[in-house]
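Have a look at the structure below, then the notes.
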């Protein structure tokens with residue numbers, strides 16, 4: 001199974017593809033690491049983001065999108081643009097999408113910790129939360 005972990009930060013969607021095959025994780029190369037929308041987030045920008053995302057998921061044969069849940073308010077709350085981007089992903093009809101709660105993620109990573117550095121798997125530091133949510137989902 002191949003999933004795309006997604007972590008939203010402000011107006012960016014940081015992504016990481018992860019495969020689980022015979023109990024082993026694989027992080028395939030991907031032409032995109034993040035999507036960014038300018039602060040206006042017009043309808044056309046959101047649609048373009050959705051189209052680009054769908055094309056990427058089709059090209060890499062992704063089975064499911066797993067989004068890291070963010071709080072609605074407080075210090076670590078998501079931005080309005082981030083929530084629009086999240087909704088755009090959830091509304092993709094051709095792909096299954098799940099928001100993975102912080103509690104479920106923490107429990108999964110506690111039972112099955114991921115013992116690998118981002119450099120070892122060829123990821124950038126900003127992709128770590130997306131990688132973790134994908135691994136936590138696949139290990140649940």
Which of the residues belonging to the stretch 39-79 are under 21 Å from residue 127 (Cα atoms) and assigned to a helix (DSSP H, G or I)? 49, 50, 52, 53, 54, 55, 56, 57, 58, 59
Given the conditions (1) closer than 13 Å to residue 13 by Cβ; (2) modelled with pLDDT of 90 or more, every one holds for residue 93 apart from (1)
Can you find a residue that is more than 22 Å from residue 18 (Cα to Cα) and in a loop (DSSP other than H, G, I, E, B) anywhere in the stretch 101-109? no
Mind checking whether some residue in the stretch 49-64 is over 13 Å from the mean Cα position of the chain (by Cα) and modelled with pLDDT under 95? no
Tell me, yes or no, whether the stretch 115-122 has at least one residue that is more than 14 Å from residue 9 (Cβ to Cβ), surrounded by 19 or more Cβ atoms within 10 Å (Cβ to Cβ) and either modelled with pLDDT under 95 or in contact with a strand residue (DSSP E or B) (Cβ under 9 Å, 6 or more places away or on another chain) (or both). no
Check whether at least one residue in the stretch 76-83 is surrounded by 15 or more Cβ atoms within 10 Å (Cβ to Cβ), touching a residue at least 24 places away in the same chain (Cβ under 8 Å) and closer than 24 Å to residue 19 by Cβ, and report yes or no. no
Considering the stretch 17-38, residues that are part of a strand (DSSP E or B) and within 14 Å of the chain's Cα centre (by Cα), and then whichever is surrounded by the fewest Cβ atoms within 10 Å (Cβ to Cβ), we arrive at 36
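The values are calculated or read from the model by the stated rules, or taken from the named source; none is laboratory data. These numbers come from a predicted model, not from an experiment. Every residue, glycine as well, gets a Cβ built from its backbone with ideal geometry; the counts of neighbours run over all protein chains shown.
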